[in-house]
Amino acid sequence: MKISFIGGGNMAAALISGLAGKFTTAADIQVIDPNPDALEKLVQQFGVTTADAIDARVAQAEVIVLAVKPQHMRDVAVHLQPHLSAQLVLSIAAGIQASDLSRWLGGHPAIVRCMPNTPALIGQGITGMYALPGVSPEQRTAANGIMQAVGSTVWLDDEAQIDAVTAVSGSGPAYVFYFIEAMQQAAQELGLSAEQGQQLTLATFAGATQLAVQSVEPVAVLREQVTSKGGTTYAALSSMEASGIKDSIIGAVKAAADRGRELGQELGRD
């Protein structure tokens with residue numbers, strides 16, 4: 001399968017790492033980016049072919065992955081449209097609605113909108129995906145295979161749900177890092193070294209996450225199993241409840257979803 005990436009940033013590199021030599025050959029992956037340093041790095045790492053601008057060669061691809069910043073998408077679409085026929089187009093740009101992208105591409109029907117997250121950089125990502133009705137079953141399978149190269153996938157029936165995916169998993173790693181920062185700071189304020197606080201916090205997050213993944217019990221039950229009334233965990237959770245931490249987290253995720261909807265409206269406005 002011939003795949004063209006428009007944009008050669010971190011997420012494109014992560015996908016290429018999962019695809020090259022596994023899903024398709026490196027020689028069949030083209031990367032288009034105006035940054036010569038980014039292209040040279042990808043050539044050295046993976047052996048892909050490159051170009052500094054969209055030209056007729058992109059028409060040879062069966063799949064085109066749009067991995068550019070949302071504010072650049074409309075300009076990219078203008079240059080891409082003349083070279084489109086029946087290719088599958090994957091967009092991993094936040095906020096750009098599939099219907100708007102289709103309109104910018106002259107009504108191109110075969111578009112899948114994807115919302116990956118940064119753990120894709122280590123093959124541990126998760127991607128929310130929505131396909132326009134014009135995507136064939138074969139193209140849907142191809143899209144799924146490409147995004148599974150960097151983790152797992154969740155398909156959505158309603159594109160509006162992409163905003164929830166963006167808020168939960170797309171932005172979610174930042175929430176986790178924020179909590180990790182707070183725990184590391186607390187460790188230091190309690191007298192541990194920065195290195196000890198980091199080691200304890202990261203191991204705790206990694207272990208607790210794997211326990212939640214592997215356990216048949218809901219996370220609420222796992223939490224209760226660690227919490228003895230009157231004990232240290234009970235004191236910590238009681239403090240969090242009194243501070244409204246859970247409500248704040250829920251409110252923050254909803255704020256991210258609201259901003260996702262706003263961005264879609266702003267970016268898609270003519």
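When the accessible area of the range 1-66 is computed with all protein chains present and a 1.4 Å probe, what percentage of it is carbon and sulfur? With neighbouring chains kept in place, the figure for the range 1-66 is 50 percent.
Name the shape class, rounded, prolate or oblate, that the alpha-carbon gyration tensor gives for the range 1-140, where a ≥ b ≥ c are the square roots of its eigenvalues, rounded holds for a/c under 1.5, and otherwise prolate holds if a/b is larger than b/c and oblate otherwise. Rounded shape, in that the Cα axes give a/c under 1.5. A cut-off under 11 angstrom between Cβ atoms defines the neighbours of T166, and their net charge, with Lys, Arg +1 and Asp, Glu -1, is +1. Seen from V89, the other residues with C-beta closer than 12 Å to its C-beta sum to a net charge of 0, counting Lys and Arg as +1 and Asp and Glu as -1.
For D55, the accessible surface of its heavy atoms amounts to roughly 50 Å² (probe 1.4 Å, protein chains only, rounded to the nearest 10). FRET efficiency for the pair Q44 and W155, taken as 1/(1 + (r/R0)^6) with r the Cβ-Cβ distance and R0 = 35 Å, rounds to 0.50. For the range 1-70, the square roots a ≥ b ≥ c of the C-alpha gyration tensor eigenvalues yield an a/c under 1.5, which makes the shape rounded.
The antiparallel fraction among DSSP beta bridges confined to the range 113-270 stands at about 40%.
Once the 1.4 Å probe is applied to the protein heavy atoms, the chain comes out at 54 Å² accessible per residue.
Give the percent of DSSP beta bridges with both residues in the chain that are antiparallel, rounded to the nearest 5. Restricted to the chain, the bridges split so that about 15 percent are antiparallel. Within the chain, the longest segment free of exposed loop sites, counting trypsin sites (Lys or Arg not before Pro) that fall outside DSSP classes H, G, I, E and B and have at most 11 other Cβ atoms within 10 Å, spans 23-228. Placing F23, F177, F46 in order of accessible area, with the largest value first and a 1.4 Å probe, yields F177, F23, F46. Look at (i) 18.7; (ii) 19.4; (iii) 20.6: the one that is Kirkwood radius over Cα pairs in Å derived from this structure is (iii). The Cα atoms of the range 89-214 cover 61, 27, 20 Å along the three principal axes, with the biggest extent listed first. Mean residue ellipticity, 222 nm, helices only, the chain: the sum of -39500 (n - 2.57) across DSSP H runs of n ≥ 4, divided by residue count and rounded to 500, is -15500 deg cm²/dmol. Just to be sure I understand the model, the point goes 7 Å from the Cα along the line to the Cβ. What's the resulting K22 to E181 distance in nm? With each label point 7 Å from Cα toward Cβ, the separation is 3.1 nm.
The values are calculated or read from the model by the stated rules, or taken from the named source; none is laboratory data. Just so it is clear, the model here is predicted, and its values are computed rather than measured. Using ideal geometry, Cβ is built from the backbone for each residue, glycine included, and neighbour counts are taken over all protein chains shown. Just so you know, the surface numbers come from the protein's heavy atoms only, side chains and all, with ligands and any DNA or RNA stripped out. Shrake-Rupley method; radii C 1.70, N 1.55, O 1.52, S 1.80 Å.
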